[in-house]
Structure formats: structure tokens, C-alpha cells
Amino acid sequence: MVLSFKVGDREIGQGEKAKGFVKAGEASTHDVMMPYVIVNGSEPGPTLCVLGGVHPLEYASIEGVLRVAQEVEPEGLRGTLILVPVVNTDGFNARAAFINPVDYVNQNRVFPGSPDGSLSRRVASCLFENFVSKADALIDSHGGDLTEDIYKFVIFGNTEDEGLRKKMMEMASCYDTLYIQTSEIKGSSGEALREYGIPCITPESGTPYPVREEEVAFHRDGIVNVMKHMGMLEGDPEMKVGVPVNPEQARFHAERGGLWIQKAAAGERVKEGQVLGEVVDLFGDTLQTVTAPFDGVANNSRTSAVANSGDTLIYVIRI
Ligand SMILES: [Zn+2]
């Protein structure tokens, strides 16, 4: 029996690797196309779907997905690997942080989407219909978009289902993650948890400039480890034990508008009382000094020096 995978009219047989685009919608001058790579293993097994570029400037995660696309071949693969390296292609082309610039909507707040909705909703629906609905597990790879620098953690959705939660804990532990955060965010790709009852994780690491090798490797290695954990690839996964879940976080926002002068970087270990940065006014006078309230790791730091009141400056995670 040949277990083939269908994308539109195309059939990808067992032992085949295929790449192409599916059409998600139309703009006046072009079709909105979604790239995919399907690796249909030479032996049957589970199906894993991996996404990049839901948030279009999160390049370390996109590059990590592309690395896996180049490495994994049908020989030695059990099951099917579905890769969608860039979900939000219009956002990617336009360098539009977080949003699909055709309808100005955050692409990660409209899942499961709608085939009759505006473009970001059609992209979401096209993705779920063609790929996510056929998967046994989902990895949606993220990192900081234009305003953020984020270092090594994994998010998954809260659920009452202990079996699903355990699966998501195990998938998250396949990443070299500092901690795990559970979430109630509506409209993220994690809606697949409710739509299809599959485990979904969102690994987070990176910043648009520079794309750091360590974070590309975080994404690539995590995907490969999950595949080993699911029995899709030969070998034992490297899994972390005792990863903290929902550690205490101190989140600092700008109290006043001005210039943010940062003194600690995402991923840096910081000591209680250490100055992490300050906001100064346009005469250089200090308006706000941010100090670490406890020993921990700095994360989610601001990439733009401009700070308006309410903007995120930096977090400290107690780990
Ligand atoms: Zn993101």
C-alpha cells in the first residue's frame, strides 16, 4: 500500500520528496502563494507539520526550518514531514513586523482563519486545511520580530487534557529551552490544539538582525529531536529534564517616552540590583532606570532605542 500525501491535485507518494506552492488568495498584481516541502518517508509513521514565518521577520526560525528541508530525505524517514517555511509571504516580502500587510492583521491572531475572510484569514485557513489538519503534531517556529530580541523558550497552550499536555511538555523538552510558558492566547496557531486535538508548541528564539547561528541551531536541532522523539528518525533525542514551567517574570515597560539605553541583552544572566537599562529624555536626562528585581535571565529585550510609554523594555525571568 502506498501512503500518499495530497496537496490540492498533487499526490506525493511514499518515498517521495516534493516542494511547491499552494495558492492562499489573490492581490491585484499577484497570487498569494504559500511554500511547502513534503518529505514522505519510505516507511509509514506519524505526520509532523513545522511552520516558519507566521511572523515574517523571525528569520532564525525560518532558517532553521529551511535547514531541516535540506537535510531530511525520504530514505530513513518514518512517516511524513510537512514544512511550511514562510506562512505569511506578503509580510515576508514587505518586511512587515507581525502583520500581513494586505489587511494589517497580526497573522498569529486569526487562526483557524476562514476561506471567506480577509487575506490573513485565508492564509490561516489555507494552512490549516492543506497541512495542519493532516498532522499528528505541530511546531510553529518563532523568534523575536522587528521590535524584539528573544532567547530560547517554548510556549504551548493550556489544556485540561493531561495526555496532550504531557505530549507538549515532551516536545518542548526536545528544545534546548531555558523555560516553558503556557498561554491562553486566542487565534494563535495553537488553535490546532482545539480544532484537531493535536499537540502544538511554539519555540521562540531570535531577532531579525543579526540572525545568530546559535538560534538557527536551536530551531533546527529542536525539530530534529522532536522527529526522533516521535520515532520518525533513527536515534535518541536529546531532551532536557526539569525545564521550569511558568517561572516568575518581571516585565518592564516604558513609563515615559524617550530613548532606551540598554545595558543587558536577551539571554544574559543578571544579578538582583543590576541596571538593565534606562530611558532618557531628548536632553539626556534619566526618566526611568530599570534594575533586576532578582537573579535571573534577561529576555524579550527591546531592539528599538525609541521608547513610547507602555512599550516593552525588557523582562527578567527567575531561573
Ligand atoms: Zn512570533
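No value in this document is a laboratory result; all are computed from the given coordinates. Not measured: the values here are computed from a predicted model. As a convention, Cβ positions derive from the backbone with ideal geometry for all residues, glycine included, and neighbour counts pool all protein chains shown.
A few notes on this one:
- Protection proxy ranking of 24-30, 295-301 - average other beta-carbon atoms within 10 Å, highest first: 295-301, 24-30
- The chymotrypsin sites (Phe, Trp or Tyr not before Pro) of segment 246-319 that DSSP puts in a loop, and whose beta carbon has at most 16 other beta carbons within 10 Å, are Phe283, Phe294.
- Protection proxy ranking, highest mean first, for peptides 66-74, 131-139, 46-54: 46-54, 131-139, 66-74, where packing is the per-residue count of other beta-carbon atoms within 10 Å, averaged.
- Residue-count net charge about Ile99 - beta-carbon cut-off 10 Å; Lys, Arg +1, Asp, Glu -1: -2
- Computed magnitude of the charge dipole of the chain (debye, nearest 20; Cβ of K, R +1, Cβ of D, E -1): 160
- Taking GluC sites (Glu not before Pro) across segment 168-215, the ones in a DSSP loop with at most 12 further Cβ atoms lying within 10 angstrom of their Cβ are Glu184.
- Projecting the Cα atoms of Asn93, Gly222, Leu178 onto the charge dipole of the chain (Cβ charges, centred on the Cα centre) puts Asn93 farthest toward the positive pole.
- Taking segment 175-319 and dividing mean pair separation by its residue count, relative contact order in percent (alpha carbons under 8 Å, at least six apart): 23
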